[in-house]
Amino acid sequence: MTPVVRHLLRTLGRAGLVSFLTVSAILISIVLDVVLASLFGFTLDIQRDVFMIIVIASIVTPVLSWYLVGLLLRVDTMEQKMTRLASTDSLTLVKNRGYFHKISLKALQHKFSMKDVPMAAFFVLDLDSFKEINDAHGHLCGDRVLVKFADILRALFKKPNVVGRLGGDEFAVLLTNATEQDAHQFAQEILNQVRKTLVDTESGQTSFTVSIGIAMFSGYGEQTFEKAFKVADKALYQAKGSGRDEYVVLPLD
Ligand SMILES: Nc1nc2c(ncn2[C@@H]2O[C@H](COP(=O)(O)OP(=O)(O)OP(=O)(O)O)[C@@H](O)[C@H]2O)c(=O)[nH]1
């Protein structure tokens, strides 16, 4: 829910509740007065009714409306939290595989509906010899490496670009508005930043490297995206083959 909708809901909720409760208070006090009058022989007293209405409405209305609107907002917050949980990788806080796929298609659709932007770049990034880091320093240290790497990606690629963890030590980035030169620059920047990054271990600090495969493409749709994925994977394979700590850029055939 957007902030504007939430604000509208809050205002409407309060206004609606105030009217509803005021009308209820009027009806209740009139019914009460009629019942009391018939049971105990009280006389109907409009002034007293009005006084009761004002007292009941001024106490009950704000309390109940705050409570109910608060309840609605809490449900909304929980809904947002659940959406975030369902879309985020819990360790690295980047998008998980499923959501990455979905949001990438959406971003591409939006981008290629604007005529003046010709290319996008799809990055597949895989940490080098990550198993060795796990084996040498333990799984927790491996987790720290994953988190640091994701932090680097998140800091480099802002919206509308999308960063996701495909699984294990494999990540992906969709650069929605990129020339081939941009792709080269980003890839080099990632390699540089990763090389400089140190991660705490039980026995000091360790460094790590990453290999990157990049596919340059244009157009959108499930098929184009799948193809970009495949080509980026092929480029990654080449980067790993040429010694790791490297990147390779390939065009879509
Ligand atoms: N610490 C940690 N390790 C993970 C996680 N998910 C997967 N792994 C490990 O990541 C390692 C991936 O290793 P491989 O796919 O063999 O690749 P690699 O050792 O990085 O070798 P290259 O990719 O060829 O450079 C495996 O040992 C997995 O157990 C995780 O969430 N945390």
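Once every Cα of segment 70-196 carries one equal point scatterer and solvent is ignored, give the base-10 log of I(q)/I(0) from the Debye formula at q = 0.14 Å⁻¹, two decimals.
-0.70
Defining a contact as two alpha carbons under 8 Å apart and six or more residues distant in sequence, what relative contact order in percent does segment 149-224 show?
20
Does anyone have the angle between helix 97-112 and the longest principal axis of the chain? Alpha-carbon axes, 0 to 90°, nearest 10?
Value to nearest ten degrees: 90.
Per residue of the chain, what 222 nm ellipticity follows from adding -39500 (n - 2.57) for every DSSP H run with n ≥ 4, rounded to the nearest 500? Kindly include the intermediate steps, with their values, before the conclusion.
Working: 7 runs with 159 residues, N = 253.
Calculated from helices alone, the mean residue ellipticity at 222 nm is -22000 deg cm²/dmol.
Set Lys and Arg Cβ to +1 and Asp and Glu Cβ to -1, take the dipole of segment 95-251 about its Cα centre, and tell me which of 175, 186, 243 lies farthest positive.
Positive-end residue among those listed: 175.
Would you work out the charge dipole size for the chain about its Cα centre, treating the Cβ of every Lys and Arg as +1 and the Cβ of every Asp and Glu as -1, and quote it to the nearest 20 debye? Kindly include the intermediate steps, with their values, before the conclusion.
Details: 27 positive and 26 negative charges, 100 e Å.
Roughly 480 debye for the chain.
Can you tell which of 41, 57, 22 lies farthest toward the positive end of the dipole of the chain, using +1 and -1 charges on the Cβ of basic and acidic side chains (Lys, Arg; Asp, Glu)?
Positive-most Cα among the choices belongs to 41.
Specify the angular offset, from 0 to 90 degrees and rounded to the nearest 10, of the alpha carbon long axis of helix 222-241 from the longest principal axis of the alpha carbons in the chain.
40
What is the order of 20, 100, fewest Cβ neighbours within 10 Å to most?
Neighbour counts put them in this order, fewest first: 20, 100.
Based on the Kirkwood radius over alpha-carbon pairs, what is the Stokes-Einstein translational diffusion coefficient of the chain at 37 °C with 0.692 mPa s viscosity, in µm²/s?
On the way: Rh = 22.6 Å.
Answer, rounded: 146 µm²/s.
Here are some pairs, 131/234; 131/230; 102/230; 81/234; which of them have Cα atoms lying more than 27 Å apart in this structure?
81/234
Where a number appears in this text, it was derived from the coordinates with a stated rule and is not lab data. The structure presented is a predicted model; accordingly, all values stated were derived computationally and were not measured. Using ideal geometry, Cβ is built from the backbone for each residue, glycine included, and neighbour counts are taken over all protein chains shown.
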